[in-house]
Amino acid sequence: GSNGLTQKINQLPENIGQLSELTTLYLEKHDLTELPESFTSLSNLANLYISNNWLISLPANFGNLTNLMMLDLGYNQIASIPESIGNLESLEYLFLFNNQLASLPDTICNLNLDWDGISPANYPYFACGGNFLCNPELIPDCVENSANFEISMEQNYYSFLQDDPQDCE
């Protein structure tokens with residue numbers, strides 16, 4: 001529309017990491033499958049909305065984004081989360097719902113999230129429903145014991161919470 005891109009993109013420029021003053025990035029509903037390695041140089045990034053894409057993974061050094069407060073990875077194809085996620089010391093919201101996750105790194109429990117909470121605006125602080133998180137040995141306790149373990153949000157507008165059990169069949 002008038003305030004952004006008018007057509008879908010399928011990749012980001014390799015030099016995106018040079019946008020060192022960038023604080024908020026909305027990349028929802030595109031055809032992105034990966035983020036360039038330089039993405040982890042966006043040291044001032046506080047809000048990343050990248051839901052409804054085709055991301056399959058995150059860069060190994062994703063945890064370098066230590067100013068990140070909001071991370072929305074919902075409705076992608078992510079199969080693994082890097083160990084470095086535990087370094088996101090400022091993170092307040094983490095949406096991992098509706099991906100391809102069968103395991104999560106133990107370092108995720110380093111995050112100072114309200115694992116069970118729902119904000120006054122009716123957003124969970126953490127949610128990971130609609131994945132394949134079925135083997136308790138591959139799920140850290142902070143995630144498995146979260147009241148939001150099987151919570152997702154309505155796909156297009158995130159206007160309401162929905163129960164979205166793990167796909168364990």
Practice problem: Tell me the Kirkwood hydrodynamic radius of segment 1-144 in angstroms, computed as one over the mean inverse distance between distinct C-alpha pairs. | Solution: 15.5
Self-check item: Rounded to whole Hz, the Karplus (6.51, -1.76, 1.60) HN-Hα couplings of segment 126-141, x for glycine and proline
Solution: 9, 7, 9, x, x, 10, 10, 7, 10, 8, x, 6, 10, 10, x, 4
Practice problem: Rounded to the nearest 500, what is the 222 nm mean residue ellipticity of the chain from helices alone, with -39500 (n - 2.57) per DSSP H run of 4+ residues and division by all residues? | Solution: -500 deg cm²/dmol
Quiz item: How much accessible surface area, in Å² rounded to 10, belongs to the heavy atoms of PHE160 with a 1.4 Å probe?
Solution: 100
Quiz item: Given a 1.4 Å probe and every protein chain left where it sits, what share in percent of the accessible area of the chain is carbon and sulfur?
Solution: 45
Practice problem: Roll a 1.4 Å probe over the protein heavy atoms and report the accessible area of LYS8 in Å², nearest 10. | Solution: 130
Exercise. Report ³J(HN,Hα) in whole Hz for each residue of segment 40-46, in order, from the Karplus equation J = 6.51 cos²θ - 1.76 cosθ + 1.60 where θ = phi - 60°; Gly and Pro get x.
Key: 6, 8, 6, 5, 9, 5, 10
Quiz item: Accessible area of TYR125, 1.4 Å probe, to the nearest 10 Å²?
Solution: 50
Exercise. Set Lys and Arg Cβ to +1 and Asp and Glu Cβ to -1, take the dipole of segment 70-169 about its Cα centre, and tell me which of ALA79, ASN145, ASN135 lies farthest positive.
Key: ALA79
Quiz item: How large is the dipole of segment 54-169 about the Cα centre if only Lys and Arg carry +1 and Asp and Glu carry -1, each at its Cβ, rounded to the nearest 20 debye?
Solution: 360
Exercise. If a cysteine in the chain has no other Cys Cβ under 4.7 Å from its own Cβ, put it on the list, ordered by number.
Key: CYS128
Quiz item: Ranked from the most accessible area to the least, with a 1.4 Å probe and all protein chains present, what is the order of THR107, THR6?
Solution: THR6, THR107
Quiz item: Where only protein heavy atoms count, and the probe is 1.4 Å, what is the accessible area per residue for the chain in Å²?
Solution: 50
Quiz item: What's log10 of I(q)/I(0) for segment 106-169 at q = 0.13 Å⁻¹, Debye sum over Cα points only, no solvent?
Solution: -0.35
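The values are calculated or read from the model by the stated rules, or taken from the named source; none is laboratory data. What you see is a predicted model; the values in this text were computed from it and never measured. Because the Cβ atoms are built from the backbone with ideal geometry, glycine has one as well, and the counts that use them run over all protein chains shown. Each accessible area value is taken on the protein alone, full model and side chains, heavy atoms only, with ligands, DNA and RNA left out. Shrake-Rupley method; radii C 1.70, N 1.55, O 1.52, S 1.80 Å.
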